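Encoded as structure tokens, the structure appears first; notes follow it.
Please treat every number below as a calculation from the coordinates, not as lab data. Values in this document were obtained by computation on a predicted structure and should not be read as measured data. Counting neighbours? That spans all protein chains shown, and the Cβs are built from the backbone with ideal geometry, glycine included.
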Amino acid sequence: MAPFIACIRYQTVTEQDTVNLYMPGPMVSKTSLFETTSRLATELGALNLGQGYPTLPEPPELLDAARRALREQSNQYAPMRGLPELRRAIIAYYLAQQGLVVEEDEILVTSGATEGLAACILALVRPGDEVILVQPLYDAYLPLVERAGGRARFIDLSPPHWGFSIAALEAAITPRTRLLLLNTPNNPTGTVLDRAMLEAVGELCARHDITLVCDEVWEATLFGQVRHVSPLMVRTLRERTVKIGSAGKIFSLTGWRIGWVIAPPPLAAAVAAQHQFLTFATATPLQWAVADGLGLPATWHEARRARYLAARDHLVQGLTEAGYRLLPSSGTWFVTVDLAQSGLEPDDVRMSERMIREAGVASIPVSAFYAVQPLTGYLRLCFAKDTGTLDQAVERLAAFRRSAA
């Protein structure tokens, strides 16, 4: 029998806010659209503005720290919960950057944020539990929920501002709801949940005894006056939130795979019990290097954000002048093109492939970030590139729009 996935529409809250119950069939192994797009871009020699990895110069301070650690520190197993020096550096970093107070026994170092997510979900979800996911979403969320035996329910963000309503969230909650998984700042939309929304979420979670897992890997890449608020800073969420962080995103070193989980001690201990049988420990020299990096002065982190803000504005200005319409983005390395408003066909999968083949520029269809009932009509572009690459991409996409519009 062929494997299948059934999606049952559960309830309509309003014309825009919908809740879906996901009924998984047998696991299906397939290559993601992200990998397929990057492979095609490589084959055709296209500029890859699809996947989220930067081509800007890597921070020499971190590279030097890694070299020193390889020579001068241990290359053997680190403690399962992470080097004490790194955990203390994480404490100091969050206090300085966000005013967030955490303790050492609340921190677990993981082999990247995705491993942290896996450990969280395996620790907190039991077979038959329901987990609320918000679309568009990181593509690892649903497979991890399935591996834990959970069932996913979905609510959708609504463009152009990519928000969701508390009414939609409340409608998704049932007596079996165990976990809510949020992503702020959000990939791919670049939107941020403010304190007022998090407080409303906290009231719901407290009322229904729901644990919140918050993917905050883009917290260090926010622009303008926007400030990150972790749910750990909200009173009703402080004892029921698991926070996911990423050194790879903070320092633009995505291949290092250093992440962490921060949670109240009982939750942190449950997550650590899963982590010890996933990867147990994370590369020791890189932990030392990240500890050094987190201690860099505030001016260093501000300069890094300014570099990405300049890259975002450069790409947005060029594409806007070429006739494209882009949605607001407060953070991450991504901007979203509205195809219909740009005078282009709103089939984002087809348009993405055409851009690779005809314009030599790779993007990611936002519909690829949906598990059920995908929203079409939007493309994600990564601006974490050098100016020369962005200029070439704008020139090629301008010519493409003139020929395709």
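Side notes on the structure shown:
- Relative contact order, percent, the chain [alpha-carbon distance under 8 Å, six or more residues apart]: 23
- Using alpha carbons only: equivalent-ellipsoid semi-axes of the chain, gyration tensor based, whole Å: 32, 28, 20
- Using a simple spin-label model with pseudo-atoms 7 Å out from Cα toward Cβ, residue 58 and residue 349 lie 3.5 nm apart.
- Note: relative contact order over the stretch 71-296, using C-alpha pairs below 8 Å and six or more positions apart, is 31 percent.
- Extension gain (nm, one decimal) between residue 402 and residue 269, 0.36 nm per residue minus Cα-Cα: 42.2 nm
- DSSP-assigned coil residues among chymotrypsin sites (Phe, Trp or Tyr not before Pro) in the stretch 33-110, each with at most 11 further Cβ atoms within 10 Å: 77
- Approximating the spin labels as points 7 Å out from Cα along Cα→Cβ, the residue 75-to-residue 97 distance works out to 2.9 nm.
- Amide proton proximity set for residue 156, modelled H, under 5 Å, gap of 5+: 18, 135
- Near-label residues of the stretch 162-176 by backbone N, under 18 Å of a point 7 Å along Cα→Cβ of residue 208: 164-176
- Among 307-315, 378-386, the order from most to least packed when residues are scored by Cβ within 10 Å on average: 378-386, 307-315
- Residue order, fewest to most beta carbons within 10 Å, for 176, 325: 176, 325
- Here the relative contact order of the stretch 333-376, from alpha carbon pairs under 8 Å that lie six or more residues apart, stands at 27 percent.
- Of all beta bridges that DSSP places with both ends in the chain, some 55 percent have antiparallel geometry.
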